[in-house]
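Worksheet: one structure, shown below.
Derivation of every value follows stated rules applied to the coordinates shown; laboratory data play no part. These numbers were taken from a predicted model, which means no experiment stands behind them. Heads up, the Cβs are rebuilt from the backbone with ideal geometry, glycines too, and the neighbour counts pull from every protein chain shown.
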Amino acid sequence: MNKYELAVVVNAKIEDEERVATIEKVKGYITRFGGTVTNVDDWGKRKLAYEIQKMREGYYYFIQFEADSTCPAEIERRVRIMENVIRYLCVRQDA
């Protein structure tokens, strides 16, 4: 099992319930494809480095998880089409 970190930037203009549901959906994808969520770090609302889709702010989440090597590709395929996710990045953490 490899360790990964998924950074997700969620639209700041949506309601709190929708934002929480979006993160729960991402965590659901991780567990569905054989991963185990170890930590979720909520950085809150931050200013974006540059304007994306006419938005200047977003909610930042960092999700650490353990999974085999096929899991991140499946998660990225699902997260890519999520409406409330502005940006995402999944990286493997070194031991």
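Pairs of Cα atoms nearer than 8 Å and 6+ residues apart set the relative contact order; for the chain it is 49 percent.
Explain nothing, just the number: dipole magnitude of the chain about its Cα centre with +1 on each Lys and Arg Cβ and -1 on each Asp and Glu Cβ, in debye rounded to the nearest 20. Please report the intermediate quantities before stating the final value.
Working: 16 positive and 16 negative charges, 64 e Å.
Once rounded to the nearest 20, the dipole reads 300 debye.
Summarising the amide proton neighbourhood of residue 12: residues at separation of 5 or more, or on other chains, whose placed amide H is nearer than 5 Å comprise 59. Computed from phi, the 3J(HN,Hα) profile of the stretch 55-70 under the Karplus parametrisation 6.51, -1.76, 1.60 (θ = phi - 60°) reads 10, 10, 9, x, 9, 9, 10, 10, 10, 8, 8, 10, 6, 7, 5, 8 Hz, with x in place of Gly and Pro. Taking Cα atoms only, the orientation of helix 71-80 departs from the longest principal axis of the chain by about 20 degrees.
In the chain, the longest principal axis of the Cα atoms and the axis of helix 16-32 are about 20 degrees apart.
Ranking 37, 55, 21 by how far each Cα lies toward the positive end of the dipole of the chain (charges on Cβ) leaves 55 at the top. The count of lysine pairs in the chain whose Cα atoms are under 21 Å apart, excluding pairs fewer than 8 places apart on the same chain, comes to 9.
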